[in-house]
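The values are calculated or read from the model by the stated rules, or taken from the named source; none is laboratory data. The shown structure was predicted, so the numbers you read here are calculated from the model rather than taken from an experiment. Neighbour counts run over all protein chains shown; Cβ positions are idealised from the backbone, glycine included. Just the protein is used for accessible areas: all its heavy atoms, side chains included, with ligands, DNA and RNA removed. Shrake-Rupley method; radii C 1.70, N 1.55, O 1.52, S 1.80 Å.
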Amino acid sequence: MQHVTLNNGLTMPQLGFGVWQVPDDEARAAVATALETGYRSIDTARVYDNERGTGRALAESGIAREELFVTTKLWNDEQGYDSTLKAFDASLDRLGLDYVDLYLIHWPCPGQDAYVESWKAMERIHAEGRARSIGVSNFTEQTLDRLVAETDVVPVLNQIELHPYFSQGAMRAVNARHGLLTEAWSPLGQGKGLLEDPELTALGEKHGRSAAQVVLRWHLQLGNVVIPKSVTPSRIRENFDVFGFELSAEDMDRVSALDRGGRIGSDPATVG
């Protein structure tokens, strides 16, 4: 496993396991398989409705808490100072943890104009040690610039939609300007044709790997934190097996050239 260093000096695994769209009862088994495989970073969220299942898998794993890196997120309808504090307490309770390693604002929801107040509550949670790091998700240049200008703690990372069809070069540069890491959600393009792309399958054949492994390797070599999701044990293991090969500079360019500039997910400027 490779680790990356956050701007607060803490480290996290560069490859983690996501549980978006995994029902609570299935999350327990999927997270257990991921932990058995070797994953130590688990990414969930209140809106996923699987914090309880995730927490049970963590508790039953027998892995020391300090070896785990657990992320959860504040949902849109709970933004605001007091509601953020309450939402965080509820997430901790569902997870069965005393602290999380990373707490994120899930979407900026600029129309609600509450993300700055939410962040101030998260700064308090961070100061109390109940979230070892705090960050954001789906923030744009405009919302990130404002957040940094109006608050005291710089986020450690920005989790955004990012895959070869939407490589987010401009937003990665904005994150870097602020000293944030970039974390990719839907790193495999949600399976919507990306993994059948002839360029990726050809690169997979070149390296004796799957197209998914090529994409994950591309993320890692770009410096992205990446959190692939699967409930299939064989794919969970396959997605973890990406440290035994390396893409050349030419390979990296071939993957990056696939960028189409279009989102699969929602536009952060309009959500909420």
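Just a few scattered comments:
- Cα long-axis angle, helix 211-222 against the chain (0 to 90 degrees, to the nearest 10): 60
- Ranked from largest, the principal axis spans of the Cα set of the stretch 122-272 equal 49, 30, 29 Å.
- If R0 is 25 Å, the Cβ-Cβ spacing of ASP241 and ALA59 corresponds to a FRET efficiency of close to 0.40.
- Apportionment of accessible area to carbon and sulfur, the chain, percent (1.4 Å): 46
- In this structure, the amide hydrogen of ILE227, modeled 1.01 Å from its nitrogen in the peptide plane, lies closer than 5 angstrom to those of GLY16, ALA184, counting only residues at least 5 positions away or on a different chain.
- Stretching ALA269 away from ARG130 to a fully extended chain increases their span by 47.1 nm, per 0.36 nm per residue minus the current alpha-carbon distance.
- Rg [Å, one decimal], Dmax [Å, integer] - the stretch 24-162, C-alpha atoms: 14.8, 43
- Value at 222 nm in deg cm²/dmol, rounded to 500, when DSSP H runs of n ≥ 4 in the chain each add -39,500 (n - 2.57): -12000 deg cm²/dmol
- If R0 is taken as 41 Å, the Cβ-Cβ distance between LYS120 and GLU26 corresponds to a FRET efficiency of 0.70.
- Quarter of the Cα convex hull surface for the stretch 181-268, i.e. its orientation-mean projected area (nm²): 6.1
- Rounded Å value of the spacing that divides the Cα centres of the stretch 139-171 and the stretch 208-233: 21
- Taking label positions 7 Å along the Cα-Cβ direction at both ALA149 and ASP259, the computed distance is 2.5 nm, reported to one decimal.
- Overall shape of the chain was characterised from the C-alpha gyration tensor. The equivalent ellipsoid obtained from it has semi-axes of 29, 22, 16 Å, in decreasing order.
- Relative packing of peptides 229-239, 180-190 - highest average C-beta neighbours within 10 Å first: 180-190, 229-239
- On the beta carbon distance between SER248 and GLU66, with R0 = 45 Å, the FRET formula returns roughly 0.75.
- The spacing between the stretch 19-70 and the stretch 101-116, judged by their C-alpha centroids, is 23 Å.
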